[in-house]
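Novice: The structure follows.
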Amino acid sequence: MRKNILLFLIGYALIVLSLTLMILYTNLLSIGYNFLEYVQFISDKFIYIYFIIGLLLIIYSIVDKGDGL
């Protein structure tokens, strides 16, 4: 049970971090970048990896039955 809560919180923190950075980087659109360049910039920074790892941690913590404690 504690493991699932910890994994959920870590996953939540990673998702919040990645989405916050993605939103902050949307300022690139206001200085002349187009959407394709924005997506390429995000993928070069590996921010999307944090989002995917966080999402997988949350899914695992919800699906895992735990040890019953």
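The values are calculated or read from the model by the stated rules, or taken from the named source; none is laboratory data. Note that the coordinates shown come from a computational prediction; the quantities given were computed from them, not determined experimentally. Glycine gets a Cβ as well: all are built from the backbone with ideal geometry, and neighbour counts include every protein chain shown.
Novice: I need a count of the residues in the stretch 50-69 that are modelled with pLDDT of 90 or more and either of a type in the set (A, V, I, L, M, F, W, C) or in contact with an Asp or Glu (Cβ under 7 Å, 6 or more places away or on another chain) (or both). Steps first, answer last, please.
Specialist: From the stretch 50-69, those modelled with pLDDT of 90 or more are 50-63; that's our starting set.
From the residues that got through so far, the ones that are either of a type in the set (A, V, I, L, M, F, W, C) or in contact with an Asp or Glu (Cβ under 7 Å, 6 or more places away or on another chain) (or both) too are 51-53, 55-59, 62-63.
Of the residues in the stretch 50-69, 10 are modelled with pLDDT of 90 or more and either of a type in the set (A, V, I, L, M, F, W, C) or in contact with an Asp or Glu (Cβ under 7 Å, 6 or more places away or on another chain) (or both).
Novice: So, one more: Got a sec? Which of Ser61, Ser43 is among the small types (Gly, Ala, Ser), on the phi < 0 side of the Ramachandran plot, surrounded by 11 or more Cβ atoms within 10 Å (Cβ to Cβ) and free of Cβ contacts under 8 Å to residues at least 40 places away in the same chain?
Specialist: Numbers: Ser61 fails: free of Cβ contacts under 8 Å to residues at least 40 places away in the same chain.
None of the others qualify; the one that does is Ser43.
Novice: Just to verify a result, which residue in the stretch 40-49, among those that are modelled with pLDDT under 90 and among the aliphatic types (A, V, I, L, M), is farthest from Tyr12 (Cα to Cα)?
Specialist: Filtering the stretch 40-49 for residues that are modelled with pLDDT under 90 and among the aliphatic types (A, V, I, L, M), the one farthest from Tyr12 (Cα to Cα) comes out as Ile42.
Novice: What do you reckon, is Leu21 in contact (Cβ under 8 Å) with a residue 40 or more places away in the chain and either of a type in the set (S, T, N, Q) or surrounded by 14 or more Cβ atoms within 10 Å (Cβ to Cβ) (or both)? Working first, answer last.
Specialist: Numbers: in contact (Cβ under 8 Å) with a residue 40 or more places away in the chain: no; either of a type in the set (S, T, N, Q) or surrounded by 14 or more Cβ atoms within 10 Å (Cβ to Cβ) (or both): yes.
Here the answer is no, as Leu21 does not meet what is asked.
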